[in-house]
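The values are calculated or read from the model by the stated rules, or taken from the named source; none is laboratory data. The structure presented is a predicted model; accordingly, all values stated were derived computationally and were not measured. FYI the Cβ positions are ideal-geometry reconstructions off the backbone, even for glycines, and counts take in every protein chain you see.
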Amino acid sequence: MQRNTIVCGDALEVMRGWPDGCVDAVITDPPFGIDFKYPEYDDDPERYEEFMLAVVPELTRLVGDGPVFVWQAMLNADKWHRWFPTGFRIFAACRGFTQYLPTPIQFSWDPVIFWGNIASEPRVGQRDYHEQRKAPFGAHRPKIAHPCPRPLEQVAYVVELVTQPGDLVLDPFMGSGTTAIAATKLDRDYVGIELNPDYIEIAERRLAEVTGIQLPLPAEAY
């Protein structure tokens, strides 16, 4: 496994080739099993439980007793006890906006399931929620050609909360590279996996802006 790289491939297949305990933390936003339309992945709700029951043991194997944070959809809350280790907790990723859904009460936060040991020393201000102060859209936000990018400040909060400088953070569903950017800005290393090569290109270009690495100009803006 090479640090600070993104591997193109199926997350389960790639992870099964890596040794036990090879990363310090997992911070990831996988598909939600809500029939969202991805270009490279069938987000079939009927198959999602099988998917999660295969993914979670691999994440735990790779991180050992370290921390694992997995973004989830509120719609699957009644199933988490079947998918995640006994004693899991919920981190609240509070939104700076409320997305309209056809439900009487609008969801204003995303649940992040977490378990494992966190190496950080207790301190004032550590909390199991993050309030996104800025809306993810608007004049001061970069345009990213990804259907559901996570807010950088929120992912960075989690990275800083549960890891130390020099730690290796795994995101097996890397998407547009937000976890890698957060890790880089905070002096952590990252390793990512992503099925869609177009998203990897977006992630690499975003990382280049952070690191100053020169890449060829993209075919279109991202």
| query | Hey, any hits in the range 182-194 for a residue that's surrounded by fewer than 19 Cβ atoms within 10 Å (Cβ to Cβ), basic (Lys, Arg) and more than 14 Å from the chain's Cα centre (by Cα)? | reply | yes
| query | Hey, any hits in the range 80-97 for a residue that's at positive phi, surrounded by 15 or more Cβ atoms within 10 Å (Cβ to Cβ) and assigned to a loop (DSSP other than H, G, I, E, B)? | reply | no
| task | Quick one: in the range 175-206, of everything that is in a loop (DSSP other than H, G, I, E, B) and at pLDDT 95 or above, which residue is nearest to Ala119 (Cα to Cα)? | result | Arg188
| task | Name every residue in the range 50-79 that is within 17 Å of Gly175 (Cβ to Cβ) and part of a helix (DSSP H, G or I), in order of residue number. | result | Phe51, Val55, Leu59
| In the range 12-50, residue modelled with the lowest pLDDT [restricted to those that are in contact with a helix residue (DSSP H, G or I) (Cβ under 7 Å, 6 or more places away or on another chain) and among the aliphatic types (A, V, I, L, M)] | Ile34
| message | Which pairs turn up if I take residues in the range 160-172 that are closer than 14 Å to Lys185 by Cβ and look for partners that are aromatic (Phe, Trp, Tyr) and crowded, with 20+ Cβ neighbours inside 10 Å with beta carbon separation below 8 Å, at least 6 apart in sequence or on another chain? | response | Val169/Tyr190
